[in-house]
Amino acid sequence: MLRKKVAILAVCAFAFGIGLATSAVAACNNTCRLGCERAHDTCTGAGCELAYIQCYRRCGCVLP
């Protein structure tokens, strides 16, 4: 009986992890992310990386 309970808990934990991961990916606004990519490609001054990271966070994306 204990094995069955552990197996059910493991499946539930796996399903929860998959759901959490997919919601994090779905929260990323792709149009916003592409704007960040274009701004980063054209950036020539100091602080480009910091601006890129902040832009990604505003879009709700996970940093690559």
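Listed values, structure above:
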quantity	calculated
Extension gain, C28 back to R58 (0.36 nm per residue minus Cα-Cα distance, nm)	9.9 nm
Segments 44-54, 28-38 sorted - mean Cβ within 10 Å per residue, highest first	28-38, 44-54
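Read-outs throughout are calculated quantities, based only on the coordinates presented, and are distinct from any laboratory measurement. Source: prediction; values computed, not measured. With ideal geometry, Cβ positions are generated from the backbone for all residues, glycine too; neighbour counts draw on all protein chains shown.
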